[in-house]
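Any read-out appearing in this document is the output of simple, stated calculations on the displayed coordinates, not a laboratory observation. On a predicted model such as this, the values are computed, not experimentally measured, just so you know. Cβ: placed from backbone, ideal geometry, glycine included. Neighbour counts: every protein chain shown.
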């Protein structure tokens, strides 16, 4: 059984669905709203996990690793942020 989506997974899934032309009320007001968004949640989880390891460009970007007020400038925080956004299923 699949776990409940995180807030970030839900946001990314809805953004993918929107780009795919799915009306927002189709994902919230229909009887089978969960079934309607389920494929987009899979895509969202895959997209988030594809971002887990920072790219060379991200590592070199000062705003991410040297001056990031959210992560305190610590480079090991980025994977933790992704883990929190989309935890792996147990």
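Observations
- Burial ordering of 35, 41, 27, fewest other beta-carbon atoms within 10 Å first: 35, 27, 41
- Fewest-first ordering of 45, 11, 80 by other beta carbons within 10 Å of each residue's beta carbon gives 80, 11, 45.
- Simple label model, 7 Å out from Cα along Cβ direction - residue 49 to residue 83, nm: 1.5
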